[in-house]
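The structure appears right after this line, and notes come after that.
The values are calculated or read from the model by the stated rules, or taken from the named source; none is laboratory data. Please read all numbers here as calculations on a predicted model, not as lab measurements. FYI the Cβ positions are ideal-geometry reconstructions off the backbone, even for glycines, and counts take in every protein chain you see.
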Amino acid sequence: MDLDPLLQDATTALTPTSPTPVQRRQGTVTAVTAGPPRTISVVIGTTTIPNVACLAAYIPTVGDVVWVDFNGPDPLIIGSATIGRHLARARRITSNQALNTGVFTTVVFNDEVTDESGAYNPANGAYTALAGGLYDCRGRVRINGTAITNRAISFFVNGAERLGSRGPAASDPAGSVTFLGLEIATYLSLAAGDEVTLRALGTGTSPIIERIDDTGAYNWLTILRRVEAL
């Protein structure tokens, strides 16, 4: 795609003495066609860029100020430039979720409480970072079943485990409410487009993510962007 000189600095690296290339610019959405496929026009300075692609988790509207990423072969809208926190809160309610014994499985927190920028998908449990930065990621999961000998939860980024929270080793009676759940809290450095999931593992007979009630007190997820990427 040919760009005029105004945008050329966003597609080429800086001098060798500079630590990083310029990767993104702010622009204003001037047109959105529903599609499919959805087409978006963005103006940066005095230059209009037509047919800009957009991360699936973010749907812009005309007038939005957005980040346009130039790190790939074509410009890509990666999120709002005015919604900085990208806060998402969700919980697991209405039903248990079955786990395959001894295998990490994505927990689907199916009730979306807060989602400031549309980054969380309650259908599959995935949070897609709309902008780079340092993210505060926290969660709680109650794993139960019969003769559960091992429980673990961990955050995964793009399918790879980052940090785990393990235990307890002893099993609880099936249906016991004495086990309140495993909790995890960590900071993750994410790039735009990174996909975060909280996954759970239970070893035993018919392990489940156990729904106790619809308050979501036992199974919840919170992700909040704290620091913008440099």
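Can you name the residue in segment 38-72 that is part of a loop (DSSP other than H, G, I, E, B) and more than 23 Å from the chain's Cα centre (by Cα) and is also farthest from T128 (Cα to Cα) among such residues?
Selected residue: T46.
Quick check on this structure: which one of D64, D69 is touching a strand residue (DSSP E or B) at 6+ places or on another chain (Cβ under 9 Å), touching a residue at least 60 places away in the same chain (Cβ under 8 Å) and not assigned by TED's automatic domain parsing to the domain that holds G216?
D69
Determine whether segment 54-72 contains at least one residue that is among the charged types (D, E, K, R) and farther than 20 Å from E195 by Cβ.
yes
Considering each residue of segment 30-61, count those that are touching a residue at least 40 places away in the same chain (Cβ under 8 Å) and buried (at least 17 other Cβ atoms within 10 Å of the Cβ), and give that number.
Here the count works out to 4.
Please go through segment 93-111 and pick out each residue that is part of a loop (DSSP other than H, G, I, E, B) and of a type in the set (S, T, N, Q).
If the condition is that a residue be part of a loop (DSSP other than H, G, I, E, B) and of a type in the set (S, T, N, Q), then T94, S95, N96, N100, T101, N110 are the ones that fit.
Only one of (1) over 12 Å from I223 (Cα atoms); (2) out of contact with any Gly (no Cβ under 9 Å at 6 or more places or on another chain) fails for C137. Which number is that?
Result: C137 fails condition (1) only.
Tell me which residues, restricted to segment 120-131, are part of a loop (DSSP other than H, G, I, E, B) and surrounded by fewer than 24 Cβ atoms within 10 Å (Cβ to Cβ). First the steps, then the outcome.
Initially, segment 120-131 is screened for residues part of a loop (DSSP other than H, G, I, E, B), giving 122-125, 129-131.
P122, A123, N124, G125, listed by residue number.
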